[in-house]
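The values are calculated or read from the model by the stated rules, or taken from the named source; none is laboratory data. The shown structure was predicted, so the numbers you read here are calculated from the model rather than taken from an experiment. Cβ placement follows ideal geometry from the backbone for every residue including glycine, while neighbour counts extend to all protein chains displayed.
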Amino acid sequence: MTLGKIARITLVCFVMLTRANTPWLQAQSGTSSALTGNVTDKRGAVIPNAQIKAIELNNGAVRAVQSNPDGRFLFSQVNPGTYRIEVHAGGFGPGQSQPMNVSVGQTVTVNFTLSPAATTQSVEVTAQSALMSLENPNTSTTLEAKTIESLPNPG
């Protein structure tokens, strides 16, 4: 066999293997998925800078992002699996999605409507002992002349 004939056989085998494996290669190119959504309040106003976590329930992996000024968030290139999303924003109660399955190459949209956080306020009243005794109205104090002389006299 000559060197040229070996090179042609190698090239033919390479082309055949490449064509035979093309479906497998295409399936692997789109394995990443995405999670996206909006965060708004009950009136529909967007909530920027909300903290959003995507938790992969199969292995406990956590990714975190912040909503943009339009209240949108995106987790790109997530692995297929089961996810739960949690949202926290200042002045609002937390939000949480139900577990959802994300398939290969799928973009799942989850929108959140947050309610204002419950506010609690407490007032604490403490009692102090009085500076004067109101029990005896016949209280008197004697001042010495020296004490009276040392008082400031503006006129």
* Asked: Got a sec? Which of Ser140, Ser103, Ser76, Ser133 is at pLDDT 90 or above, more than 21 Å from the chain's Cα centre (by Cα) and loosely packed, with under 13 Cβ neighbours inside 10 Å?
  -> Ser103
* Count of the range 54-113 residues which are touching a Lys or Arg at 6+ places or on another chain (Cβ under 8 Å) and of a type in the set (Gly, Ala, Ser) -> 3
* touching a Gly at 6+ places or on another chain (Cβ under 7 Å) and modelled with pLDDT under 95, is that true of Asn21? -> no
* Are any residues in the range 31-49 closer than 27 Å to Gly105 by Cβ and within 12 Å of the chain's Cα centre (by Cα), and if so, which ones? -> Val39
